[in-house]
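Visitor: Just passing along the structure, written as structure tokens.
The values are calculated or read from the model by the stated rules, or taken from the named source; none is laboratory data. Model, not experiment: these values are computed from the prediction. A quick note on method: Cβ atoms are made from the backbone with ideal geometry, for glycine too, and the neighbour counts reach across all protein chains shown. Each accessible area value is taken on the protein alone, full model and side chains, heavy atoms only, with ligands, DNA and RNA left out. Shrake-Rupley method; radii C 1.70, N 1.55, O 1.52, S 1.80 Å.
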Amino acid sequence: MRALVNTVVTAFALGAVVAMPVAAQNPTAAEATCDPTANTKGDIARAQFAMTRAVNAAQKGDPTRDLQDVVRLTSAGTDNPTARNYLRGEAYILYLMQPNTPAVVPRSALGLTTNPTGTIDLFLAASAFTVVEQAAPECIAVTTQWRQQKPWLNALNSAISALSANQLDSAEMFAKRSLILDRHAPYAYSVLGSIAQNRKNSAAATEYWKQALAAAGTDTTYADIRTKTKYAIASAASERADAATGAAKRAAAREAIKPWQDYIASADNDLLLADGIDNVARLYVDAGDSASIPVIYAPMLAGPAKYGEIALVHAGVIATRNGHYADAIKLFDAALAQNPYSRDALNNLAATYIQNNEFPKAFPMINRLVALDPSNPDNPLLYAFAYQGMYKGTKDKKLQKIYTDSLVYFNNQSENATVKIGVSEFTRRPNETLLAGTIENRGKTPKTYTLTVEFLDKSGNVISTETTTVGPVAPKANQTFRIKSDKGGAYGYRYKPLI
């Protein structure tokens, strides 16, 4: 189920802060000392007063005149460059926040009389904050608040919107423009990575995504984008391995294993974690290193309670496919401990017991499976396989007769079933539950079916009962069904047998 993440970030809905930041939220001792305009005088003091007026004017109307005063006064000398650049940076950001302001303006628009027809790129000009940050590192938190104001946010959201519309050139332009204002947030790098991937430049995409991870660091604010970016890096590595052949394919597969391991170590989404586990297993096979597959699920065996049922089931399937039946049984058992009504865990555990010649242990699992899923002809076949194994394991003629009769009985039950339910979706959310699939009419005449489903909580209590009518279904044909409940908290489902 590997799907490349083309857009790692989504549009933001943050409000623009117009008030002038004076300190970082929850500042460190160093940040609390930030005051780049302390003890100013002359033109700088007047520029500071003009900036205060501009911030107030921006709340009510047009601050342009006051901003022009700030730019003019801070450009009139070279003393105290920290204060001058701080005030200029504020002025350029606030000017960009005004409606319909272009990124590049004539110098005259800012009240400058020298070279009035020349132009100023306001985004580049706002980099005046860099001078402040170099001279007074304790002010970085404050300047970051200015850097991440509405102009930065608008550029970033425009990049994301353009990427979603597959307008890659525009997306790249806006993303790089946002980086002019702030290079320390991961979002623009993620957009640029997705752009490069859409352009089939996997190497460039990975480098941008690595920059996104570096920018995100360990900040919990960026936990979601950090996880998604790791997934994107791993998916791109898998695509490179898929495209290679021969020795190059084995090498690319080995190289792709580490990004997936990094993703798995931080993934908190059960479904995507299961996808990661599947991908690593496939890559070990492609790399010619199937013996290392148990490494994938070793942490899950050691601490299964840390993982979701879907990931545990996928790990169990991988263990079964590679002949590690004892490991698979532990993993399926762990999944059932989390969800006693997981059809996938029951089905796979029963099948693994059969493959491991532990036939008596399979029957309780099959019984539970049939109780939940009675109109699925695949389930009686598990009984048949178990009895077939038991037949092969004994030389007692009487037992062989019993096992043969049982095998034939359940095989016939499967082959002669007149209806089959197949479930393709079971979606569980806190406030709703959805079950969807098909009903196949295996009989000789058209048939209309009434399907009654009970959704169950972890203890087996019925939290919702839903009914739908499907049909008439033509012979040897099928129709889809979709049942939705507005109750959440479901762990499993069972339905009344169809006749």
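Visitor: Being β-branched (Val, Ile, Thr) and crowded, with 17+ Cβ neighbours inside 10 Å is the filter here; which residues of the stretch 396-454 pass it? Spell out the reasoning first.
Guide: Pass one, the stretch 396-454, residues β-branched (Val, Ile, Thr): 402, 404, 408, 418-419, 421, 423, 427, 433, 438-439, 445, 448, 450, 452-453.
Within the stretch 396-454, Val419, Ile421, Thr433, Ile439, Val453 meet the criteria.
Visitor: For the stretch 353-395, which positions are over 21 Å from Lys330 (Cβ atoms), open to solvent by 70 Å² or more (accessible area, probe 1.4 Å) and charged (D, E, K, R)?
Guide: Asp378, Lys392, Lys395
Visitor: Out of (1) open to solvent by less than 20 Å² (accessible area, probe 1.4 Å); (2) closer than 28 Å to Thr144 by Cα, what's the single condition that is false for Ala241?
Guide: Against the list (1) open to solvent by less than 20 Å² (accessible area, probe 1.4 Å); (2) closer than 28 Å to Thr144 by Cα, Ala241 comes up short only on (2).
Visitor: Within the stretch 143-161, restricting attention to residues that are under 12 Å from Lys176 (Cα atoms) and among the small types (Gly, Ala, Ser), which residue is most open to solvent (accessible area, probe 1.4 Å)?
Guide: Ser158
Visitor: Please state which of the following conditions Thr220 fails to meet, knowing it meets all the rest: (1) surrounded by fewer than 19 Cβ atoms within 10 Å (Cβ to Cβ); (2) under 18 Å from the mean Cα position of the chain (by Cα); (3) at pLDDT 90 or above.
Guide: Status for Thr220: all satisfied but (3).
Visitor: Does the stretch 142-153 contain at least one residue that is closer than 29 Å to Asp278 by Cβ and free of Cβ contacts under 8 Å to residues at least 40 places away in the same chain?
Guide: No, because not a single residue in the stretch 142-153 is closer than 29 Å to Asp278 by Cβ and free of Cβ contacts under 8 Å to residues at least 40 places away in the same chain.
Visitor: While we're looking at this one, here's another question. Residues that are open to solvent by 70 Å² or more (accessible area, probe 1.4 Å) and not in a strand (DSSP E or B): does the stretch 477-484 have at least one? Give the derivation first.
Guide: If we filter the stretch 477-484 for residues that are open to solvent by 70 Å² or more (accessible area, probe 1.4 Å), which is where we start, we get 478, 480, 482, 484.
Narrowing further to those that are not in a strand (DSSP E or B): none.
No, because not a single residue in the stretch 477-484 is open to solvent by 70 Å² or more (accessible area, probe 1.4 Å) and not in a strand (DSSP E or B).
Visitor: Follow-up. Inside the stretch 271-289, can you point out the residues that are among the β-branched types (Val, Ile, Thr) and open to solvent by 10 Å² or more (accessible area, probe 1.4 Å)? Step through it out loud before you land on a result.
Guide: The initial filter retains those residues of the stretch 271-289 that are among the β-branched types (Val, Ile, Thr), namely 277, 280, 285.
Val285, the sole residue that qualifies.
Visitor: Output yes when any residue across the stretch 455-474 is touching a strand residue (DSSP E or B) at 6+ places or on another chain (Cβ under 8 Å), under 19 Å from Pro377 (Cβ atoms) and open to solvent by 40 Å² or more (accessible area, probe 1.4 Å), and no when none is. First the steps, then the outcome.
Guide: Our first condition is that a residue be touching a strand residue (DSSP E or B) at 6+ places or on another chain (Cβ under 8 Å); within the stretch 455-474, this holds for 455-457, 462-474.
Adding the requirement that they be under 19 Å from Pro377 (Cβ atoms) leaves 470-471, 473-474.
From what's left, open to solvent by 40 Å² or more (accessible area, probe 1.4 Å): 474.
There is at least one residue in the stretch 455-474 that is touching a strand residue (DSSP E or B) at 6+ places or on another chain (Cβ under 8 Å), under 19 Å from Pro377 (Cβ atoms) and open to solvent by 40 Å² or more (accessible area, probe 1.4 Å).
Visitor: Let me ask something else about it. Those residues that are under 18 Å from the mean Cα position of the chain (by Cα) and open to solvent by less than 40 Å² (accessible area, probe 1.4 Å), I need them from the stretch 196-214; list them, please.
Guide: Gln197, Ala205, Thr206, Trp209, Ala212
Visitor: How do the helices (runs of 4 or more DSSP H) wholly within the stretch 118-178 filter down when requiring 1 or more residues that are touching an Asp or Glu at 6+ places or on another chain (Cβ under 9 Å): which remain? So that I can check it myself, show each step before the final result.
Guide: Working: elements: 122-125, 129-135, 140-147, 150-164.
Hits in the stretch 118-178: 129-135, 140-147, 150-164.
Visitor: Determine the pairs where a residue that is closer than 16 Å to Leu381 by Cα and in contact (Cβ under 8 Å) with a residue 24 or more places away in the chain, located within the stretch 340-360, has a partner that is among the hydrophobic types (A, V, I, L, M, F, W, C) and open to solvent by 60 Å² or more (accessible area, probe 1.4 Å) with Cβ atoms under 7 Å apart, the partner being 6 or more residues away or on another chain.
Guide: Short answer, once both residue conditions are applied: Ile354/Phe385.
Visitor: Determine, yes or no, whether Tyr325 is crowded, with 23+ Cβ neighbours inside 10 Å and hydroxyl-bearing (Ser, Thr, Tyr). Don't jump to the end; show me each part of the working.
Guide: On the way: crowded, with 23+ Cβ neighbours inside 10 Å: no; hydroxyl-bearing (Ser, Thr, Tyr): yes.
Answer is no for this residue.
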